There are 2 protein chains.
Amino acid sequence: MFNRFIKVASDLVTTHDQIRAGFLSIALEKNRVSDPYVKNALAFKTMVQGTNDPEDFLNMPKIRPFLLTASGLSDKAMQHLRDNDQTAAIKELIEKFLKPAGENYVDEVIYRYLLIKGDAVGGVMRNRIGVIGQEKLIRAILSCINVRGINYSWMKNNKQHNWLYGENNDIDIEKEIKALHWMNKNGSRILIFNMKVPVVKKNIDICLFDGKSEEFNRGKIVQKINKAIMFGELKGGIDPAGADEHWKTANTALDRIRESFNKVNHPVMTSFVGAAIENSMAVEIFSQLQNKKLTNAANLTNSNQLTEYCNWLLDI
Amino acid sequence: MFNRFIKVASDLVTTHDQIRAGFLSIALEKNRVSDPYVKNALAFKTMVQGTNDPEDFLNMPKIRPFLLTASGLSDKAMQHLRDNDQTAAIKELIEKFLKPAGENYVDEVIYRYLLIKGDAVGGVMRNRIGVIGQEKLIRAILSCINVRGINYSWMKNNKQHNWLYGENNDIDIEKEIKALHWMNKNGSRILIFNMKVPVVKKNIDICLFDGKSEEFNRGKIVQKINKAIMFGELKGGIDPAGADEHWKTANTALDRIRESFNKVNHPVMTSFVGAAIENSMAVEIFSQLQNKKLTNAANLTNSNQLTEYCNWLLDI
DNA sequence: TATACTCGAGTGA
DNA sequence: GTCACTCGAGTAT
């Protein structure tokens, strides 16, 4: 059996309480992320004291980035635009919105800046939520390692590429772990997070290789097809409305992994860990587990399933 | 051959110019969508004139929705929270951010409201972009119909379910079309957009059925397995960074369609139309076209490919 | 540096 | 109510 705590498909489904908790923590974090933009707006308000007309903004090169945002351009959009597109956007902002606002033109430009940056805050948040999911998984793995008294080493998420000896008082190291190494009954194991795997030509969240610590070789182990053991997709988001959407993405990603490794005659195991699992996708996941398309799975918000998944990961 | 204008994979790739144009039109539209929120903020500012302290807000029930937003809660999040969660969020907003802001507490609450609503503006925009993509496809189909002098009828996107005779001066009807009907050499055809198909248990963007207009039967034709001809996924977004992400989603969606109809022994054709197509996914799409997993495809921003796709749709 | 990762803000059937 | 659609705001490798 793949996971003792997944006996029927519905065991995979996320509870309402977990969803509520997830959205609450998003709101808290969003307030922190918002802070600098509030400050920017206040600073802008000070900087443009003394102007009498929105046209005056055009003579203040320092506020161009602020105006570009206020004119509706995300940083992402700007990468695809030319300088004159951007200047045109600012002029349109002034003509269409700031001049009609009359004496309220300062509020108008600040309000528009904040609306556009609010979308940016959303983007930053989504990345954070993903990182937090990864940290939660790593923390769970470390807990299993510690409970079982397994010796391990870990590598930081920087360019040093040196293994650090795993201590028992390893508080908060999940925030800086790129890779883990340990031994099990089958041999030496290296687990890497978020790595581009050349055979697939794609990034993969969870990558398990057979290899001694020195075989990590500055990340080059990902090129050794024969060392690959298991790959997993991790989805840390809690939104039930996004659950099926992101499972569809993960499903294609996992298919690409299987196909790429089958093509080089080295089939690998695959797994899925998700925080937002709804009924209909749970049925698909469970069915893939039964027919062994998927080797293992867990709901990230279910500590039993997660522990079971981590122990399996440590043992294969 | 599937499409005369797709001879090699790279023919599918979106040009830089189209990407630029897409982001420019997003910025324009975003400014329009932002407008009401700017007005809300100005209205709030007026309403709270006369308050001296953020605590005063607690006695103004009318501004509770505004405060909820300012406290970091999206409308989506609120669906998953209880009343006391929401009240707690407002109290935290006041204690943690508004009181520390001192006499600037009104600006602070307005700025936070706008940042959170900015994320909402992003959400509204994404839905609009999707709708605009659908309208672009429908317009292209109508153009082909008109150029070829095909008689057609169409049904509005409402509960009436009556067929309207297609005129040649059909300006802007793409905005209200739910379904189209016409005849071709193979029989009577009904094309429905954005319908849940029971066999798949999922919504599908483009649904082509064999059926006389009366067989539409208030949408019940989607239950007639034998009437199904072709299903397509449409992705109207322009962002190249999202291209592979959304193609992965579409790919699983198309797989579900094929599997569901194969299971009931009625294989159907499938197709993909996308505005953001990058090289690597173009290779996958082209390969699926060659091995006939995918029956046809087009880049929504390439009018040759799109016209070819629409004519194919009218003829199958 | 090209490429593809993070996920929920909306919406509607 | 339930479910799953829209897509780009960021980010990183």
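Compactness ratio for the stretch B:127-315: Cα radius of gyration over 2.2 N^0.38 Å (N = residue count) comes to 0.98. Only one residue of B:120, B:105, B:138 has its Cα farthest out toward the positive end of the dipole of the stretch B:81-143, where Lys and Arg carry +1 and Asp and Glu -1 on Cβ, and that residue is B:138.
May I ask you to sort B:16, A:161, B:246 by Cβ crowding, counting other Cβ atoms within 10 Å and putting the fewest first?
Working: B:16 9, A:161 13, B:246 21.
If I rank by nearby Cβ atoms, fewest first, I get B:16, A:161, B:246.
In plain terms, the residue of A:91, A:201 with the fewest other Cβ atoms within 10 Å comes first and the most crowded comes last, giving A:201, A:91.
Taken over the protein assembly as shown, the convex hull of the Cα atoms encloses 188 Å³ per residue.
Annotation: aspartates and glutamates with alpha-carbon distance below 15 angstrom to residue A:235 (same-chain offsets under eight excluded): A:135, A:205, A:244, A:245, A:278, B:245.
Looking at the square roots a ≥ b ≥ c of the eigenvalues of the Cα gyration tensor of the stretch A:30-123, which shape do they give, rounded for a/c under 1.5, prolate if a/b is larger than b/c, or oblate? Present the calculation step by step, with values, prior to reporting the outcome.
On the way: a/c = 1.80, a/b = 1.14, b/c = 1.57.
Verdict is oblate for the stretch A:30-123.
Shielding by partners for peptide A:67-79, expressed as the average number of C-beta atoms from other protein chains within 10 Å of each residue's C-beta, is 4.
About the Cα centre of the stretch B:127-315, what is the dipole size in debye to 20, counting +1 per Lys and Arg Cβ and -1 per Asp and Glu Cβ, all else neutral? Display every interim value, and only then the final one.
Working: 25 positive and 20 negative charges, 164 e Å.
The dipole magnitude comes to about 780 debye.
Under the simplified labelling scheme, the residue B:147-residue A:17 pair shows an inter-label distance of 6.1 nm, with each label point 7 Å from Cα along Cα→Cβ.
Near residue B:102, within a Cβ-to-Cβ distance under 13 Å, what is the net charge of the other residues, with Lys and Arg +1 and Asp and Glu -1?
Working: positive: B:99; negative: B:53, B:103, B:107, B:108.
Taking every other residue near residue B:102 into account, the sum is -3.
Bridgeable aspartates and glutamates around residue A:96 (alpha carbons under 18 Å apart, same-chain partners fewer than 8 residues away excluded): A:53, A:55, A:56, A:85, A:107, A:108, B:29, B:35. Within the shell of other residues whose beta carbon sits under 10 angstrom from the beta carbon of residue A:28, the net charge comes to +1, with Lys and Arg scored +1 and Asp and Glu -1. Label reach from residue A:201 (point 7 Å along Cα→C-beta): in the stretch B:284-299, amide nitrogens under 18 Å belong to B:284-291.
Give me the inter-chain shielding for B:42-50: mean count of other chain Cβ atoms within 10 Å, whole number please.
Numbers: counts 5, 0, 0, 3, 0, 0, 0, 0, 0.
If you average over the peptide's residues, the count of other-chain Cβ atoms is 1.
Protection proxy ranking, highest mean first, for peptides A:287-295, B:178-186: B:178-186, A:287-295, where packing is the per-residue count of other beta-carbon atoms within 10 Å, averaged. Each helix, a run of at least 4 DSSP H residues, gives -39500 (n - 2.57); summed and divided by the residues of chain A, these come to -16000 deg cm²/dmol at 222 nm. Give the list, by residue number, of cysteines in chain A with no other Cys Cβ closer than 4.7 Å, or say none. Result for chain A is A:207, no neighbouring Cys Cβ within the cutoff.
Label points for residue A:123 are taken 7 Å from Cα along Cα→Cβ. From this copy to the others they lie 1.9 nm apart, shortest first.
When chain A is treated as a Gaussian network with alpha carbon springs shorter than 10 Å, the biggest mean-square fluctuation among A:231, A:66, A:193 belongs to A:66. Annotation for the stretch A:252-276 versus the stretch B:49-64: alpha-carbon center distance of 55 Å. Taking the label point 7 Å along Cα→Cβ, residue B:35 and its counterparts in the other copies are spaced 3.7 nm apart, in ascending order. Each Lys and Arg Cβ is given +1 and each Asp and Glu Cβ -1; about its Cα centre, chain B then shows a dipole of about 1200 debye.
Distance from the alpha carbon centroid of the stretch B:219-242 to that of the stretch A:143-179 works out to 47 angstrom. Taking the alpha-carbon distance from residue B:201 and a cut-off under 18 Å, which lysines remain once sequence neighbours fewer than 8 residues away in the same chain are dropped? Within the straight-line limit of under 18 Å, residue B:201 reaches these lysines: A:248, B:220, B:224, B:227, B:263. Simple point charges give the picture: +1 on the Cβ of Lys and Arg, -1 on the Cβ of Asp and Glu, and for the stretch B:27-123 a dipole about the Cα centre of about 300 debye.
Rank the residues A:172, B:75, B:119 as a footprinting-exposure proxy: fewest other Cβ atoms within 10 Å of their Cβ go first. Each step should come with its number before you reach the end.
Values: A:172 8, B:75 13, B:119 22.
Placing the least packed residue first, the sequence is A:172, B:75, B:119.
Based on the alpha-carbon gyration tensor of the stretch B:93-138 and its eigenvalue square roots a ≥ b ≥ c, which shape applies: rounded if a/c is under 1.5, prolate if not and a/b is larger than b/c, or oblate?
Cα axes put the stretch B:93-138 in the prolate bin.
Assuming R0 = 41 Å, can you tell me the calculated FRET efficiency for the pair residue A:188 and residue B:225, based on Cβ-Cβ distance, to the nearest 0.05? Working from the Cβ atoms, E equals 0.15.
Given an 8 Å cut-off on Cα distances and at least 6 residues of separation, report the relative contact order of chain B as a percent. Intermediate results must be reported in sequence, preceding the final value.
Numbers: 443 pairs, mean separation 65.8, N = 316.
Here the relative contact order equals 21 percent.
For residue B:157, the shell of other residues with beta-carbons less than 10 Å away shows a net charge of +3, using +1 for Lys and Arg and -1 for Asp and Glu. In nanometres and ascending order, the distances from the residue A:62 label point to those of the other copies are 4.0 (point 7 Å from Cα along Cα→Cβ). Among chain A residues, the one whose Cβ is nearest the axis of the rotation from A to B, given with its distance rounded to whole Å, is A:118, 1.
Computed from the coordinates by the stated procedures, all read-outs in this text should not be read as laboratory data. Nothing here was measured: the structure is a model prediction, and the numbers come from that model. Please note: Cβ atoms are built from the backbone with ideal geometry, for glycine as well, and neighbour counts cover all protein chains shown.
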